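**Student:** Sharing a structure below in structure tokens format, with a few things to ask.
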Amino acid sequence: MRLAWRTVARWESLLILLILGGGVWSWTPSSFFLKRANLLDLATPYIFIGLLAFGLTFVVVAGEIDISVASTMAVSAVTTAQIWHAGASIWVAALGGLGVAGALGLANGLLVGVLNLPSLAVTLGTLAAYRGLAYVVLGGNARSGFPTSFTNIGGGYISNELPIALLVLIGLAAVLGFVLHATRFGRYLYAIGSNREAARFSGIPVTRVRVTIFVLSGLMAGVAGIVYLGFFGSVQADAASGSELVNVVTAVVLGGVDIFGGSGSMLGVLLALILIAVLRNGMQLANVGGATQDIVIGGLLIGAILAGNLVRAAQGGGLRWMRLRPSRKEVTQPDIQPAEISSTRT
């Protein structure tokens, strides 16, 4: 009975119920939602979002944040396009783009892990800096016409139904999930996210791990850039400069990853991405505008943060923001006896 309750109470179980509920809602305005082709393809436009979210998951579990992932992906994509346009093989160009993405992640990691700067401030700065770098690399131009063998990664199908990008997403989710949940490195992340100083005193190489997670986040942004190029078939310097970052953060937080670090699962992030895809697909079938869709996704992000805080309050007692409030000390006047008063007057 207790095992059954734990299974039902898991965050992932709630996400599955929300996906089913979202599916029923999406099917109501249009029966096309349940077509096999639509079900297989509904997540395809968000595969690169999921890949960015997978990389960000490692960062957030360790108690950090990286809001430069979309800009890193843009730099990687335009670098790949420029190297290919210069005459190199598309696969050599893709490796070059991955290398650049890893280097940008390394820069974030050194600033945060070695110099011990706050990750929010650092990645807010590199969000703008890397976006500017994308314009330096490509300018106002656009690149397109990539080989079909390359674009199939993001936009190709098996038997005209099964998206290749979906297989890429599931495969990387399995590999990264294994790294996060079944390796020493993954255990280090949870320990650092729970209590960095305690992890340091227990012998965990905190600095090296913090640098590594930002490199990993950068590399996943590079992989996302490859899928982005394959899906859209073209790229400009302003790639993923809209609400994509909101979708990435929503997938991570809605997936049950504690925004303060120390907990979360790769399965939850994958399910959250599917939920976002289901809701957006349903809203598109219902002719809901893009601005309204963004409001819904933003509401999901806020709701996920509130729900996570309530869960932590139920487990540990007291809301997080209440526990962080400094206690106020009351200053009381000392009791003075009448005899003491008369003696002071004399």
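**Student:** For helix 90-109, report the angle its Cα long axis makes with the longest principal axis of the Cα atoms of the chain; keep it between 0 and 90° and round to the nearest 10°.
**Tutor:** Between the helix axis and the principal axis of the chain, the angle is about 10 degrees.
**Student:** Separation of the stretch 240-270 and the stretch 118-186 by C-alpha centroid, Å?
**Tutor:** Between the Cα centres of the stretch 240-270 and the stretch 118-186 lies a distance of 15 Å.
**Student:** Could you give the angle, 0 to 90 degrees to the nearest 10, between helix 69-85's Cα long axis and the longest principal axis of the Cα atoms of the chain?
**Tutor:** So the inclination is approximately 20 degrees.
**Student:** Could I ask something else about it? Roughly what percent of Cα-Cα pairs across the chain reach past 25 Å? Can you show the working numbers first?
**Tutor:** Working: 34008 of 59685 pairs.
I get 57 percent for the Cα pairs in the chain exceeding 25 Å.
**Student:** While we're looking at this one, here's another question. Return one whole number: the accessible area per residue of the chain in Å², for a 1.4 Å probe.
**Tutor:** On the way: 17150 Å² over 346 residues.
Ligands and nucleic acids excluded, the result is 50 Å² per residue.
**Student:** Determine, for each peptide in 169-178, 122-131, 100-109, 286-295, the mean count of other beta carbons within 10 angstrom over its residues, then list the peptides with the highest first. Provide the component values of the computation, followed by the final result.
**Tutor:** On the way: 169-178: 16.3, 122-131: 18.8, 100-109: 24.4, 286-295: 12.3.
Peptide ranking by packing, descending: 100-109, 122-131, 169-178, 286-295.
**Student:** Restricting to Cα atoms and excluding each atom paired with itself, what does the Kirkwood estimate give for the stretch 72-198 in Å? Could the numbers behind the result be given before it?
**Tutor:** On the way: mean 1/r = 0.0578 Å⁻¹.
Hydrodynamic radius (Kirkwood, Cα pairs) of the stretch 72-198 is 17.3 Å.
**Student:** For the chain, what does -39500 (n - 2.57) per DSSP helix run (n ≥ 4), summed and divided by total residues, give at 222 nm, in deg cm²/dmol to the nearest 500?
**Tutor:** Values: 17 runs with 245 residues, N = 346.
-23000 deg cm²/dmol, from helical runs alone.
**Student:** Quick one: what are the phi-derived ³J(HN,Hα) couplings along the stretch 204-214, Karplus 6.51/-1.76/1.60 with θ = phi - 60°, whole Hz, x for glycine and proline?
**Tutor:** Couplings: 6, x, 4, 4, 5, 5, 5, 5, 4, 5, 6 Hz.
**Student:** Quote the charge dipole size of the chain about the Cα centre in Debye, to the nearest 20; the model charges only the Cβ of Lys and Arg (+1) and of Asp and Glu (-1).
**Tutor:** Values: 21 positive and 13 negative charges, 145 e Å.
I would put it at about 700 debye.
**Student:** So, with +1 on the Cβ of K and R and -1 on the Cβ of D and E, and no other charges, what is the size of the charge dipole of the stretch 1-102 about its Cα centre, to the nearest 20 debye?
**Tutor:** Working: 5 positive and 4 negative charges, 91 e Å.
For this selection, approximately 440 debye.
**Student:** Mean separation of Cα pairs under 8 Å and 6+ residues apart, divided by the residue count of the stretch 59-214: what relative contact order is that in percent? Please report the intermediate quantities before stating the final value.
**Tutor:** Numbers: 168 pairs, mean separation 51.5, N = 156.
33 percent.
**Student:** Provide ARG200, ARG143, ARG210 ordered by accessible surface of protein heavy atoms (probe 1.4 Å), highest first. Display every interim value, and only then the final one.
**Tutor:** Details: ARG200 95, ARG143 40, ARG210 10 Å².
From most accessible down to least: ARG200, ARG143, ARG210.
**Student:** Per the 1.4 Å probe, what fraction of the accessible area of the chain, in percent, lies on carbon and sulfur atoms? Display every interim value, and only then the final one.
**Tutor:** Numbers: 11120 of 17150 Å².
Heavy-atom surface of the chain belonging to carbon and sulfur, 1.4 Å probe: 65 percent.
**Student:** Out of every Cα pair in the stretch 242-295, what percent are spaced more than 18 Å from each other? List each step's numbers first, then the result.
**Tutor:** Numbers: 525 of 1431 pairs.
Beyond 18 Å sits 37 percent of the P(r) for the stretch 242-295.
**Student:** Sort 244-251, 217-224 by packing, meaning the average of other beta carbons within 10 Å per residue, with the highest value first. Walk me through the numbers on the way to the answer.
**Tutor:** Details: 244-251: 24.5, 217-224: 28.9.
Top to bottom by mean Cβ count within 10 Å: 217-224, 244-251.
**Student:** Each label point is 7 Å from the Cα along the Cα-to-Cβ direction; what then is the distance between the points at SER13 and ASN287, in nm?
**Tutor:** With each label placed 7 Å out from Cα toward Cβ, I get 4.1 nm.
The values are calculated or read from the model by the stated rules, or taken from the named source; none is laboratory data. Predicted model only: the values in this text are computed from it and were never measured. With ideal geometry, Cβ positions are generated from the backbone for all residues, glycine too; neighbour counts draw on all protein chains shown. Note: accessible area is taken over every heavy atom of the protein model, side chains too, but ligands, DNA and RNA are not part of it. Shrake-Rupley method; radii C 1.70, N 1.55, O 1.52, S 1.80 Å.
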